[in-house]
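Undergrad: Next up is a structure, given as C-alpha cells.
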C-alpha cells in the first residue's frame, strides 16, 4: 500500500501581470537598483544599422549581455568598435519589451584601461545611496514662478554662457546671482563647497534664491570628477532651496545629479527647467486677465440688476410715506372697531349673567338643602339609640370600654348598661 503524502499548502495567489506592464516593472527595478552601470568585456557581433544605431554583445569568460548604442552616443565615439576589442561600456540596464531581453543601453564606451576611476564612482555612489542621500522622497518640486536664481559654476565656463543666454531669452526680468567656483582641478571641490555655502547663507539671510543651478559643460570622467567628490555631494544635499544639477552632456552622470532635486541633461536644459518661456507666462497672464475681466463684468451686471430691483421696490420716499400713513389709519379704524365690538360683547355677557344670577342662586340653595337632608337621614340611621329602642343595651366596664363578649367579664365585676330610657349599674354574678 502506497503511503499517502500530505498535500502542500497552496501558495497565496499573486497578481496576474500583463506582459507589457511586467516588462516595464522589471525595467524600472533594474534602473533603480543598478543604473548607471559600467561593464567591461569583449565586443562580439558588432553591427551598425542604417539608422546609425549600433548593436553588439559584450562577453567574457563568465557570460555575455546584449548591448544597444543609439546614434547620438555612437557619433561621439573616438574610435571604431570592432569584434574582439576589449572595452569599458557605461550605460543603463533596460528590458527590450518586444522580446523580453535584458540589454545594456550603452551611453559611452572606451577601450579598457580607464575603469579604476569609474569603480571608485560606483563604490562611493553605493555608500552614499545606502545613507539615503539619493532617496527620491528627499526631492523637492521646483517653484512655478521663481523670484530669483543662483548659478554656481566657473566664470570662464561655456556652461555659464549657455545658462545666461537661455535665461535672457526666456526670463530677462528675473535676477540671477552668480557664485563662481572652479569646476575642474584639485581645488575645485573646495571652491564648489564654498560657493554652495555662500549661496545658502545668502538665501537664509536675505530670502532670495528660489532655485540654485549647479552647472558645467561636458568632459571625460576625470574632468567631471569634482562633481563626484563626497564633500560636494553632501553640500548639495544640505541646500535649503531646490537644486538643479546640469553637469556634462546628456549621457554624462555625476553623483551630484543623484543628490540634486532635479537632474538636467545639459546646462541649457537646467536653465530652461527653472525659467518658463516669457511668452508662455505672458499668455497665461493674458488668459487670467480675460477671466478676471469677465468675472468683474458679470459681478457688476448682477449688482446693477439688483440695484434696479431695489430701486423699483423703494420708489419715491413720499409715495412710500403716504402708503404707510394710509396703512396706519386703516389699522387705527380696525382697532377702534374691534375694541367697540369687544365692549358690546362683554356688556351683553354681563347683563345675561345678572339676569341668570337669582335663578342660579335658588337652584344652588335647593340642591344644597336636599344634600343636607340626605346626610341627616343617613346620620339618624347610624344613631345607636335607635338600636336601644328595639330592646338592646350597651354594656361598658369601669374604664368605659364596650363589653361585647363574656370573656371580657369576671364574677363580681361592675358593669354599666345604657338603655333606651336610662342607665343601670350592674354586677356580674
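The values are calculated or read from the model by the stated rules, or taken from the named source; none is laboratory data. Since the model is a prediction, treat every value here as computed from it, not as a measurement. Here the Cβ positions follow ideal geometry from the backbone for every residue, glycine too, while neighbour counts run over all protein chains shown.
Here is a yes/no grid of residues against (1) touching a residue at least 40 places away in the same chain (Cβ under 8 Å); (2) touching a strand residue (DSSP E or B) at 6+ places or on another chain (Cβ under 7 Å); (3) closer than 23 Å to residue 146 by Cβ:
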position: 246; (1), (2), (3): yes, yes, yes
position: 253; (1), (2), (3): yes, no, no
position: 296; (1), (2), (3): no, no, no
position: 300; (1), (2), (3): no, no, no
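Undergrad: In this structure, is residue 26 modelled with pLDDT of 80 or more and outside any loop (DSSP other than H, G, I, E, B)?
TA: Answer is no for this residue.
Undergrad: If you don't mind, there's one more thing I want to ask. So which residues in the stretch 52-80 are under 25 Å from residue 248 (Cα atoms) and loosely packed, with under 10 Cβ neighbours inside 10 Å, if there are any at all?
TA: Once the filter is applied, which keeps residues that are under 25 Å from residue 248 (Cα atoms) and loosely packed, with under 10 Cβ neighbours inside 10 Å, the stretch 52-80 yields 75, 78, 80.
Undergrad: Taking only the stretch 250-263 into account, find how many residues are within 31 Å of the chain's Cα centre (by Cα) and surrounded by fewer than 24 Cβ atoms within 10 Å (Cβ to Cβ).
TA: Number satisfying all stated conditions: 4.
Undergrad: Does residue 163 qualify as being over 30 Å from residue 73 (Cα atoms), in contact with a strand residue (DSSP E or B) (Cβ under 8 Å, 6 or more places away or on another chain) and in contact (Cβ under 8 Å) with a residue 60 or more places away in the chain?
TA: no
Undergrad: Let me ask another. Report whether or not residue 184 is farther than 17 Å from residue 147 by Cβ, in contact (Cβ under 8 Å) with a residue 24 or more places away in the chain and assigned to a loop (DSSP other than H, G, I, E, B).
TA: yes
Undergrad: Checking residue 220 against (1) in contact with a strand residue (DSSP E or B) (Cβ under 8 Å, 6 or more places away or on another chain); (2) surrounded by fewer than 20 Cβ atoms within 10 Å (Cβ to Cβ); (3) closer than 19 Å to residue 122 by Cβ, only one condition comes out false. Which one?
TA: That leaves (1) as the condition not met.
Undergrad: Please work out which residue is farthest from residue 245 (Cα to Cα), limiting yourself to the stretch 119-141 and to residues that are more than 21 Å from the chain's Cα centre (by Cα) and part of a loop (DSSP other than H, G, I, E, B).
TA: In this case the residue turns out to be 131.
Undergrad: Sticking with this one: Only residues that are over 17 Å from residue 211 (Cα atoms) and surrounded by fewer than 18 Cβ atoms within 10 Å (Cβ to Cβ): list them for the stretch 147-192, please.
TA: Within the stretch 147-192, 155, 156, 158, 161, 165, 169, 184, 185, 186, 187, 190 meet the criteria.
Undergrad: Within the stretch 211-233, which residues are touching a helix residue (DSSP H, G or I) at 6+ places or on another chain (Cβ under 8 Å) and either in a helix (DSSP H, G or I) or without any contact (Cβ under 8 Å) to a residue 40 or more places away in the chain (or both)?
TA: The answer is 225, 226, 227, 228, 230, 231, 232, 233.
Undergrad: Looking at (1) within 32 Å of the chain's Cα centre (by Cα); (2) at pLDDT 90 or above; (3) closer than 22 Å to residue 268 by Cα; (4) part of a loop (DSSP other than H, G, I, E, B), which one does residue 244 not meet, given that it meets all the others?
TA: So the condition that residue 244 fails would be (4).
Undergrad: Residue 205 versus (1) assigned to a helix (DSSP H, G or I); (2) under 33 Å from the mean Cα position of the chain (by Cα); (3) modelled with pLDDT of 95 or more: which is the lone unmet condition?
TA: Condition not satisfied by residue 205: (3).
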